[in-house]
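Structure first, then comments.
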Amino acid sequence: MNLLRPLDDTLYLFDLMEQGLPGRSSGYLLVGSKTLLVDTGSSPSHTRILAALDEIGIAPSALDYCILTHVHLDHAGGAGLLAQACPNTLFIAQERAARHLIDPSRLIAGARSVYGDTMEALFGAILPIPEDRVLIRRHGEQLQLPDRTLTFYDTPGHARHHFSIHDPARAAIFAGDAVGIRYVTEFTGWDFEFILPSTSPTDFDPDAVATTVSLLQTLGAETIYHTHFGPSPAAAALAATKEGARAFAELADALYDEEMTWEELAMSLQGFIGADLRRQGYTDPLDMDRLGIDVELDAKGLLYWQRMKRTLS
Ligand SMILES: [Zn+2]
């Protein structure tokens, strides 16, 4: 079975099968003068990465770079395990993210507070990466390769330590979760696709989402490569992310009270998303459970953001 789906001459997408689910998380493999991977998924996905490399005849020891858009476990949780399997790979991350790759203890504690006892089952082992194999890229810095130059831009809003990768030669941005989540049929079972922002804990900031979208709009990209999931036309994805984050934030502003539980906010969020999809003409019975754990995470993140801004004001 072919794992790799070619997107162009030197770019492949493959499904990381995050938590065993299809259409959830993309791995992107760039080939050419160097071989690069964007995002590893969590540890159980590392076998998919090795199989993808094998399919194009690249030995694990020949994977040159792995770029991590941010260190949430569904993007970089498997990086330490991959570092063991691919002994020559250098890992590229934003400055704030890099320290968590070298010492994941705070990351593990943070994830445990979000996911509780299910964390290990969901994400597997989270291993450190030796410091000399982690490269930092700050806002505007580049990775220059013989046949292409990639530029890194800080893109907070979903996570403070998130960067995105601009690939001008293909007029594309590898955006991690900065330009929302693209829900595809393979994941939802619904016969249409759409984009929602990801407002998961603990960094969601709607103003930062708006600033990030404005920045990315200046790059003239035609395509967004989402980690969740696959490519989409840039203009529409950027607009949907900005508008969606604003709408989620307004909903939380309107409903919040001190006693509110995440379950209550998740119910309201489900109702809002369903109504919005119906307004767009999607009349299927929309079983919101198909969005998986995302609505729960979005509700928890919105509630955290509400509490933080009240604490700070
Ligand atoms: Zn994610």
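Quick note: the coordinates plus some simple rules give every number you see, no bench work behind them. Computed from a prediction, not measured in an experiment: that's the story for all the values here. Ideal geometry is used to build each Cβ from the backbone, glycine not excepted, and the neighbour counts take in all protein chains shown.
How tilted is helix 105-115 with respect to the longest principal axis of the chain? Cα atoms for both, answer in degrees (0 to 90, nearest 10).
Tilt of helix 105-115: around 40 degrees.
Quick one: if the Förster radius is 25 Å, what FRET efficiency do Asp191 and Arg5 give, using the C-beta to C-beta distance and rounding to 0.05?
0.80
Against the longest alpha carbon principal axis of the chain, how many degrees, from 0 to 90 and to the nearest 10, is the axis of helix 294-312 turned?
In the chain, helix 294-312 runs at an angle near 70 degrees to the longest axis.
Please work out how much length the chain gains when fully extended from Ile293 to Asn88, using 0.36 nm per residue of separation minus the C-alpha to C-alpha distance, in nm with one decimal. Don't skip to the answer; put the middle values down first.
Values: separation 205, 0.36 × 205 = 73.80 nm, distance 3.49 nm.
Result for the pair: 70.3 nm of gain on full extension.
Is the range 169-220 rounded, prolate or oblate when judged by the Cα gyration tensor, a ≥ b ≥ c being the square roots of its eigenvalues, rounded requiring a/c under 1.5 and prolate requiring a/b larger than b/c? Spell out each step's value before the answer.
Details: a/c = 2.56, a/b = 1.26, b/c = 2.04.
Here the range 169-220 falls in the oblate category.
If we sort 206-215, 39-48 on the protection proxy, mean other Cβ atoms within 10 Å, highest first, what's the order?
39-48, 206-215
List the chymotrypsin sites (Phe, Trp or Tyr not before Pro) within the range 184-265 that fall in a DSSP loop (any state other than H, G, I, E or B) and whose Cβ has at most 14 other Cβ atoms within 10 Å. Write down the numbers at each step before the final one.
On the way: sites: Phe187, Trp190, Phe192, Phe194, Phe204, Tyr225, Phe229, Phe248, Tyr256, Trp262; in loops: Trp190, Phe192, Phe204, Phe229, Tyr256.
Passing both the DSSP loop test and the Cβ count: Phe192.
So, in Å, what gap is there between the alpha-carbon centers of the range 55-123 and the range 207-256?
That distance is 25 Å.
Dividing the convex hull volume of the Cα atoms of the range 1-112 by its residue count, what figure in Å³ per residue is obtained?
Details: hull volume 11.1 nm³, N = 112.
Dividing the Cα hull volume of the range 1-112 by its residues yields 99 Å³.
Of all alpha-carbon pairs in the chain, indicate the percentage at a distance above 32 angstrom.
Working: 11010 of 48828 pairs.
Roughly 23 percent, rounded to a whole number.
Would you mind checking which residues have amide H under 5 Å from Gly176's amide H? H placed 1.01 Å from N; only 5 or more apart, or other chain.
Result for Gly176 returns Thr227.
Scaled to the compact-protein estimate 2.2 N^0.38 Å, what is the alpha-carbon radius of gyration of the range 222-313, rounded to two decimal places? Kindly include the intermediate steps, with their values, before the conclusion.
Numbers: Rg = 14.7 Å, N = 92, 2.2 N^0.38 = 12.3 Å.
Compactness ratio reported: 1.20.
Compute the longest continuous run of the chain that contains no exposed GluC sites (Glu not before Pro); treat a site as exposed when its DSSP state is not H, G, I, E or B and it has at most 10 other Cβ atoms within 10 Å. It would help to have the intermediate numbers written out before the result.
Details: sites that count: Glu258, Glu259.
Answer from the scan: 1-257.
Within the P(r) computed for the range 89-194, what percentage of the Cα pairs occupies the region above 23 Å? Display every interim value, and only then the final one.
Numbers: 2461 of 5565 pairs.
Here the long-distance tail beyond 23 Å is 44 percent of all Cα pairs in the range 89-194.
Given the -39500 (n - 2.57) contribution per DSSP H run of 4+ residues, what per-residue ellipticity at 222 nm results for the chain, rounded to the nearest 500 deg cm²/dmol?
Details: 11 runs with 120 residues, N = 313.
For the chain, the value works out to -11500 deg cm²/dmol.
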